[in-house]
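Engineer: Here it is: the structure, laid out below.
The values are calculated or read from the model by the stated rules, or taken from the named source; none is laboratory data. Since this is a predicted model, take the numbers as computed values, not measurements. Positions of Cβ are generated from backbone atoms using ideal geometry, with glycine treated the same way; all protein chains shown enter the neighbour counts.
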């Protein structure tokens with residue numbers, strides 16, 4: 001199944017010149033959603049993974065379903081101010097702004113191999129912040145998985161320079 005046909009492109013959102021790749025249309029189709037999770041499973045088949053970490057908010061959808069399918073723990077990486085317990089925090093730059101991610105202290109078992117998943121990689125800022133949080137918590141990065149890669153923006157190349165394994169289900173040229 002070609003999952004790309006289930007991605008809606010919204011021009012000029014959230015800012016002029018941005019081509020927003022909307023995965024909610026993929027999530028809204030049960031067959032496509034199941035196929036997406038199956039493709040993620042196949043992409044990472046044979047890799048040692050102890051837990052799945054999903055990045056707020058669309059990474060929760062992918063990560064939760066993948067963790068369920070693989071029978072692994074799910075770790076929530078949240079936007080600042082959403083976690084009620086002690087946290088690790090990491091500031092980062094977005095393609096169109098700045099933000100902070102947080103992770104509960106104790107959410108990652110020391111030495112656990114953690115796969116970070118999210119809907120899309122653009123500049124790589126969110127991914128780098130997530131990687132830093134996993135490492136600060138004592139976890140070991142197994143890799144990063146995305147539904148969509150926007151290679152021209154450079155995020156995947158940035159992670160690969162950090163020697164991070166990056167796998168995506170599809171690419172879109174341009175923004």
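Engineer: Where in the range 80-175 are there strands (runs of 3 or more DSSP E), lying wholly inside it, with at least 1 residues that are in contact with a helix residue (DSSP H, G or I) (Cβ under 9 Å, 6 or more places away or on another chain), farther than 30 Å from residue 6 by Cα and at pLDDT 95 or above?
Structural biologist: By residue number, 87-94, 97-104, 140-149.
Engineer: Within the range 106-119, is even one residue surrounded by fewer than 19 Cβ atoms within 10 Å (Cβ to Cβ) and either closer than 20 Å to residue 166 by Cβ or under 13 Å from the mean Cα position of the chain (by Cα) (or both)? Full working, then the answer.
Structural biologist: At the first step, the residues of the range 106-119 found to be surrounded by fewer than 19 Cβ atoms within 10 Å (Cβ to Cβ) are 106, 109-111, 113.
When the remaining residues are screened for being either closer than 20 Å to residue 166 by Cβ or under 13 Å from the mean Cα position of the chain (by Cα) (or both), the result is 113.
Looking for residues that are surrounded by fewer than 19 Cβ atoms within 10 Å (Cβ to Cβ) and either closer than 20 Å to residue 166 by Cβ or under 13 Å from the mean Cα position of the chain (by Cα) (or both), one finds at least one in the range 106-119, hence yes.
Engineer: Report, by residue number, each residue of the range 24-44 that is more than 11 Å from residue 147 (Cβ to Cβ) and in contact (Cβ under 8 Å) with a residue 60 or more places away in the chain.
Structural biologist: Selection gives 44 alone.
Engineer: Moving on to the next point. I need the full set of residues from the range 120-151 which are surrounded by fewer than 22 Cβ atoms within 10 Å (Cβ to Cβ), closer than 28 Å to residue 38 by Cβ, in contact (Cβ under 8 Å) with a residue 40 or more places away in the chain and more than 11 Å from the chain's Cα centre (by Cα), in order please.
Structural biologist: Hits for the range 120-151: nothing passes.
Engineer: Further question on the same structure: Which residues, taken from the range 82-95, are more than 13 Å from residue 134 (Cα to Cα) and either out of contact with any strand residue (DSSP E or B) (no Cβ under 8 Å at 6 or more places or on another chain) or surrounded by 14 or more Cβ atoms within 10 Å (Cβ to Cβ) (or both)?
Structural biologist: 83, 84, 92, 93, 94, 95
Engineer: Could you tell me which numbered condition residue 19 fails, if it satisfies all but one of (1) modelled with pLDDT of 95 or more; (2) surrounded by 12 or more Cβ atoms within 10 Å (Cβ to Cβ)?
Structural biologist: Among (1) modelled with pLDDT of 95 or more; (2) surrounded by 12 or more Cβ atoms within 10 Å (Cβ to Cβ), the lone unmet condition for residue 19 is (1).
Engineer: Criterion first (more than 13 Å from the chain's Cα centre (by Cα), part of a helix (DSSP H, G or I) and either crowded, with 20+ Cβ neighbours inside 10 Å or on the phi > 0 side of the Ramachandran plot (or both)) does residue 66 satisfy it? Spell out the reasoning first.
Structural biologist: Numbers: more than 13 Å from the chain's Cα centre (by Cα): no; part of a helix (DSSP H, G or I): yes; either crowded, with 20+ Cβ neighbours inside 10 Å or on the phi > 0 side of the Ramachandran plot (or both): yes.
No, not satisfied.
Engineer: Return only the number of the condition from (1) at pLDDT 95 or above; (2) closer than 25 Å to residue 143 by Cβ; (3) surrounded by 12 or more Cβ atoms within 10 Å (Cβ to Cβ) that residue 2 does not satisfy.
Structural biologist: Only one criterion in (1) at pLDDT 95 or above; (2) closer than 25 Å to residue 143 by Cβ; (3) surrounded by 12 or more Cβ atoms within 10 Å (Cβ to Cβ) is unmet by residue 2, namely (3).
Engineer: Quick check, is residue 75 closer than 26 Å to residue 133 by Cβ and assigned to a strand (DSSP E or B)?
Structural biologist: Numbers: closer than 26 Å to residue 133 by Cβ: yes; assigned to a strand (DSSP E or B): yes.
Yes, satisfied.
Engineer: Look through the range 23-48, keep the residues that are more than 17 Å from residue 68 (Cβ to Cβ) and outside any helix (DSSP H, G or I), and return whichever of them is nearest to the chain's Cα centre (by Cα).
Structural biologist: 23
Engineer: Just a yes or no: is a residue in the range 54-62 within 17 Å of residue 132 (Cα to Cα) and part of a helix (DSSP H, G or I)?
Structural biologist: Within the range 54-62, the first condition is being within 17 Å of residue 132 (Cα to Cα), and the residues that meet it are 54-56, 59.
From the residues that got through so far, the ones that are part of a helix (DSSP H, G or I) too are 59.
Checked against the condition, which is being within 17 Å of residue 132 (Cα to Cα) and part of a helix (DSSP H, G or I), the range 54-62 yields at least one hit.
Engineer: Look at the range 1-22 and say how many of its residues are touching a residue at least 60 places away in the same chain (Cβ under 8 Å), within 20 Å of residue 63 (Cα to Cα) and either part of a helix (DSSP H, G or I) or out of contact with any helix residue (DSSP H, G or I) (no Cβ under 8 Å at 6 or more places or on another chain) (or both).
Structural biologist: Matching residues across the range 1-22 total 3.
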